[in-house]
Every structure is written in structure tokens, then in C-alpha cells.
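Undergrad: Here it is: the structure, laid out below.
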Amino acid sequence: LPSPALAGSVTGGGYPGEYLTLYAPSAATLALGGTSGGGAAALYFNPAGLAGLPSKEFSFMKSSLMSGGSYISAFFAFPAGLRKSYAAGFVSCGIDGAEWVDSFGVARGNFSDRKQAYFLGMSFPAGKYMTGGASLKVVSQEIHTYSAVGYGIDIGFSYKKIRSRENL
């Protein structure tokens, strides 16, 4: 069993990559209650959602956080054929100039906490009604004198039966 001190530090400090689930990549996503709204920002949730993009799309959002930090996201996608699209994106969340206090409560200066994620992906036809997608994510965090980088691959699918106008 974890000690109460350890449990408190994990709860109080959050989890790695938690900012990717707490915030949304676009205003459209926020308006839809945190679900994927399609478009360029679909790369954030499911790269298969890039399919059917009618034209090039750029999405940018900047939000000030209560802690004095900021959240920034930018995504660009373009169609490359029937149900095939390519996209790239960037998400940054952080604060600069936070006060560094040691374990004795003595101020030692300022530090920054910066978290970033980079996305690169594509969608492709995977059947008559199915679209697939794949993306590469590079996630990094820098806090004071520490830093870490992680890599991930996402694969997603979307099934959508298209009705013809004759059946409506």
C-alpha cells in the first residue's frame, strides 16, 4: 500500500500529461463539452476524425489560466484525397516566473513549468464506411532544472454509414 505522504504528493501534484485531458484543443471542442468536433483539432482525439476534411483548416486557441499561466494550441490539416488528410499540431501549457520555495519556506528565486505536446498524423480509407488514422505524439515537460520527453503512437478508427439522398 502506498504511504499517505506519497498518495498526497501524487494527488497534490497531478499526473504526467494530465493537462492533455483537462483542456481542449479548440473552441469548437469546448463548445461540444470536450468531445471531438472534427476538423484539424480531431488529431488531438482520434486521427481518423480528419477524414472528410473539405479544405485546408487552421485552428488556434490561447487561454489564460488562473495560476497566471497560459494554454496554447494550434493545429493545421489539409485534405489529400477522398477520406485522406494530413495534420500537424502543437499544445503548450505552462507558467513562467513561479516562485521557488525550498522545504524550509525560504524563497530561492523563480522557475518555469512548461509542458508541450507535438502531433503529426493522417487519416486514410479503411473500408467502404470505415476510416482509419494514425498519429505520432511527442510530449515534453520542463520544470525548474528537470525535464523529460515521451513518445507515443495513436491508431484510431471511425465508422460512418453514409446515407444517400434517395433514402431520406
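Undergrad: Of these, LEU20, LEU82, LEU50, which one is without any contact (Cβ under 8 Å) to a residue 60 or more places away in the chain and either of a type outside the set (Ser, Thr, Tyr) or touching an Asp or Glu at 6+ places or on another chain (Cβ under 8 Å) (or both)?
TA: Values: LEU20 fails: without any contact (Cβ under 8 Å) to a residue 60 or more places away in the chain; LEU50 fails: without any contact (Cβ under 8 Å) to a residue 60 or more places away in the chain.
When all the criteria are applied, what remains is LEU82.
Undergrad: Any chance the stretch 102-111 includes a residue that's of a type in the set (Asp, Glu), modelled with pLDDT under 90 and in a strand (DSSP E or B)?
TA: No: the stretch 102-111 contains no residue that is of a type in the set (Asp, Glu), modelled with pLDDT under 90 and in a strand (DSSP E or B).
Undergrad: Collect the residues in the stretch 70-96 that are open to solvent by 10 Å² or more (accessible area, probe 1.4 Å), on the phi < 0 side of the Ramachandran plot and more than 17 Å from the chain's Cα centre (by Cα), keeping them in residue-number order.
TA: Those that are open to solvent by 10 Å² or more (accessible area, probe 1.4 Å), on the phi < 0 side of the Ramachandran plot and more than 17 Å from the chain's Cα centre (by Cα): PHE78, PRO79, ALA80, LEU82, LYS84, ILE95, ASP96.
Undergrad: I'd like the residue in the stretch 53-62 that is surrounded by fewer than 19 Cβ atoms within 10 Å (Cβ to Cβ) and either in a loop (DSSP other than H, G, I, E, B) or within 14 Å of the chain's Cα centre (by Cα) (or both) and, out of all such residues, is modelled with the lowest pLDDT. Write out each step before concluding.
TA: Our first condition is that a residue be surrounded by fewer than 19 Cβ atoms within 10 Å (Cβ to Cβ); within the stretch 53-62, this holds for 54-56, 58, 60, 62.
Narrowing the set further to residues that are either in a loop (DSSP other than H, G, I, E, B) or within 14 Å of the chain's Cα centre (by Cα) (or both) leaves 54-56, 60, 62.
Working: PRO54: 87, SER55: 91, LYS56: 94, PHE60: 91, LYS62: 90.
Checking each candidate, the answer is PRO54.
Undergrad: Would you check if there is a residue in the stretch 120-129 being open to solvent by 60 Å² or more (accessible area, probe 1.4 Å) and touching a helix residue (DSSP H, G or I) at 6+ places or on another chain (Cβ under 9 Å)?
TA: Yes: one or more hits.
Undergrad: While we're here: Kindly check whether there is at least one residue in the stretch 15-30 that is modelled with pLDDT under 85, touching a Lys or Arg at 6+ places or on another chain (Cβ under 8 Å) and buried (at least 18 other Cβ atoms within 10 Å of the Cβ).
TA: Checked against the condition, which is being modelled with pLDDT under 85, touching a Lys or Arg at 6+ places or on another chain (Cβ under 8 Å) and buried (at least 18 other Cβ atoms within 10 Å of the Cβ), the stretch 15-30 yields at least one hit.
The values are calculated or read from the model by the stated rules, or taken from the named source; none is laboratory data. As the structure is a computational prediction, the values presented were derived from the model and not from experiment. Glycine also receives a Cβ, built like all others from the backbone with ideal geometry; neighbour counts cover every protein chain displayed. Note: accessible area is taken over every heavy atom of the protein model, side chains too, but ligands, DNA and RNA are not part of it. Shrake-Rupley method; radii C 1.70, N 1.55, O 1.52, S 1.80 Å.
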